[in-house]
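Written out below as structure tokens is the structure these notes cover.
The values are calculated or read from the model by the stated rules, or taken from the named source; none is laboratory data. Just so you know, these numbers come straight off a predicted model, no measurement behind them. Every residue, glycine among them, receives a Cβ derived from its backbone with ideal geometry; neighbour counts consider all protein chains shown.
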Amino acid sequence: MRRNAVVVADDEAIRSGKVLQWLESQDVSAYGTSDQTALDMVRELKPRVVVCSDTSDGLSFCHTVRELPEPPMVVVLSEDPKIRDDVYFDGRTVIAVVRAPVRMVALSRFIRTALQIVARLDRSEASPNDGTMPERLLFHVGRQPRTLH
């Protein structure tokens, strides 16, 4: 069973500590680990969301997580000034790219919203439907309304 939790996989202790602190202040169950041990933690906890960096280790972790039987949503924190904040769905996983430095209040609010959306998706998958996306799962990313497909 998937947990309404977040795993923060980042070798940079200061950034991951800040993210963990903010998430916990927002009543989100958050667990921190290095990129090296993150996959074991994700397999054990089955979180709904993972947060990683855009380093080579972080991106490798992201690709590995996407291949899990029930992949969580992935939030990639990037320090590249050319990167735009965006949300993608690749057919298996929702991937949100957020440019750092990030306002922790906004990031924790985004993750709380993501947890709620994924929990709704899990509940809708558990009940039979006709394959259409329920109207309540519509949400806005940036200025463009989008739907999870």
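List of remarks:
- Checking each residue of region 44-56 against the condition of being among the hydrophobic types (A, V, I, L, M, F, W, C) and exposed (fewer than 15 other Cβ atoms within 10 Å of the Cβ) gives no match.
- In region 87-102, of all residues being at pLDDT below 85 and of a type in the set (Gly, Ala, Ser), the one that is surrounded by the fewest Cβ atoms within 10 Å (Cβ to Cβ) corresponds to Gly91.
- Looking only at residues of region 103-142 that are hydrophobic (A, V, I, L, M, F, W, C) and modelled with pLDDT under 70, we find that the one that is surrounded by the fewest Cβ atoms within 10 Å (Cβ to Cβ) is Ala126.
- Condition met for Val65 (among the hydrophobic types (A, V, I, L, M, F, W, C), free of Cβ contacts under 8 Å to residues at least 60 places away in the same chain and crowded, with 19+ Cβ neighbours inside 10 Å): yes
- Every test in (1) part of a helix (DSSP H, G or I); (2) in contact with a strand residue (DSSP E or B) (Cβ under 7 Å, 6 or more places away or on another chain) is passed by Ala30 save one, and that test is (1).
- When residues of region 1-38 are limited to those that are modelled with pLDDT of 80 or more and polar (S, T, N, Q), the one nearest to Asp57 (Cα to Cα): Thr37
- Which numbered condition Glu24 misses (of (1) surrounded by 18 or more Cβ atoms within 10 Å (Cβ to Cβ); (2) without any contact (Cβ under 8 Å) to a residue 40 or more places away in the chain): (1)
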